[in-house]
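**Q** Input: one structure, supplied below.
Nothing in this text is a laboratory measurement; each read-out follows from the coordinates by a stated rule. These numbers were taken from a predicted model, which means no experiment stands behind them. A quick note on method: Cβ atoms are made from the backbone with ideal geometry, for glycine too, and the neighbour counts reach across all protein chains shown.
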Amino acid sequence: MAIMSTPTTFQPVLERIAEEIERTPGSGRPADYIPALAACDPRRFGMAVAEPDGTVYGVGDWREPFSAQSITKVFTLALDLAREGDALWEHVGREPSGNPFNSLVQLEYENGIPRNPFINAGALVVTDRLHTRTGDAAGELLDFLRAESGNPGLTYDEEVAASETAHGDRNAALGHFMASYGNIDNPVPVLLEQYFRQCSVAASCADLALATGFLARHGIRADGSRLLSRSQAKQVNAVMLTCGTYDAAGDFAYRVGLPGKSGVGGGIIAVVPGRCTLCVWSPGLDERGNSVAGVAALDRFTTLTGLSVF
Ligand code: GLU
């Protein structure tokens, strides 16, 4: 039963969710393919909700920086789409893949054009294009996240970036394979350096809930300027809904009913267009790479508040 249909403050609902999560310890495990992530305590839990005016509510470890990983793919997509518009969609699709995030299989059938911007191959294409346009894709991302979150201290985690570089063979394979089809502009080692820096961004639930705000404000940044048209903001939200949680997007839409994007650091961002943005973090992942407690918490949020896109 909903405890509030139109909450004036999100604090009570966040506290209730945190209590429920604490009573049901998750079964997930931290990502282990990047050693720097494997060391995370899977019981950590934080959650934040930001309103379009920048008011932010939080519970648990909501101010603790964690590895944003694939959550950053939303921001690079928005930054590139803002610059090049629909031409981007000639280089990357927008259909769910049904394959793991780092799969090579589909790429050969589909001539080096990745299914969507949120699998690794698609994110590499987006970062490549953003790098061509700006000369510093990862720096552009960092500037954006700092400005939107109001946190000038937000930065990369050098240990995670080094760990990814040392274990980056599969992403290198994806990059070279797409380059062979002419779908990568920059030298692959340059692209990989940018991509691993991007993935290594450390940010808190508060930072990421605030940085996602432009998607709740239909494309408007925190300072009132426009990043995306209303229609482009809708497009990014739609791709998050259909492709944002690896090959579990159907289940996420069924349980949570919001556009969302997860990362293997255990974070998930989600958007209630026009109303608020959320970020939840807990490092224990299910077998498809989504935070177990994170999905459960978002599921409870939409159930308790009635706020979903459906
Ligand atoms: N850095 C990770 C990789 O490319 C990102 C994975 C993710 O969060 O989905 O393998």
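**Q** So what is the 222 nm mean residue ellipticity for the chain from helices alone, if each DSSP H run of at least 4 adds -39500 (n - 2.57) and you divide by all residues, rounding to the nearest 500 deg cm²/dmol? Walk me through the numbers on the way to the answer.
**A** On the way: 14 runs with 142 residues, N = 310.
Here the helix-only value at 222 nm equals -13500 deg cm²/dmol.
**Q** For residue 138, what is the net charge nearby, where nearby means another residue's Cβ is under 14 Å from its Cβ and Lys, Arg count +1, Asp, Glu -1?
**A** Neighbour charge sum, excluding residue 138 itself: -4.
**Q** Take the Cα radius of gyration of the chain and divide it by 2.2 N^0.38 Å, with N its residue count; two decimals is plenty.
**A** Its radius of gyration relative to the 2.2 N^0.38 Å reference: 0.92.
**Q** Going by Cβ distance under 4.7 Å, what cysteines of the chain have no possible disulfide partner?
**A** Those would be 40, 199, 243, 276, since no other cysteine Cβ in the chain comes under 4.7 Å of theirs.
**Q** Net charge near residue 187, counting Lys/Arg +1 and Asp/Glu -1 over other residues with Cβ under 11 Å of its Cβ?
**A** Here the count lands on -3.
**Q** How far apart, in nm, are two points set 7 Å out from the Cα along the Cα-to-Cβ line at residue 20 and at residue 158?
**A** 4.3 nm
**Q** Can you give the net charge of the other residues whose Cβ lies under 10 Å from the Cβ of residue 129, counting K and R as +1 and D and E as -1?
**A** -2
**Q** On a C-alpha basis, how far is the centre of the stretch 131-167 from the centre of the stretch 257-310 in Å? Whole number, if you could?
**A** Measuring centre to centre over Cα atoms gives 23 Å.
**Q** Could you work out the relative contact order of the stretch 17-146, using alpha carbon pairs under 8 angstrom and six or more residues apart, expressed as a whole percent?
**A** After rounding, I find 17 percent.
**Q** Find me the longest stretch of the chain that has none of the exposed GluC sites (Glu not before Pro), where exposed means in a DSSP loop (not H, G, I, E or B) with at most 16 other Cβ atoms within 10 Å. Show your work: numbers first, answer last.
**A** Working: sites that count: 110, 287.
Segment 111-286 is the longest.
**Q** Once you order the gyration tensor axes a ≥ b ≥ c over the Cα atoms, which shape class does the stretch 82-172 get: rounded for a/c under 1.5, otherwise prolate or oblate by comparing a/b with b/c?
**A** It is oblate, given that a/c is not under 1.5 and a/b is not larger than b/c.
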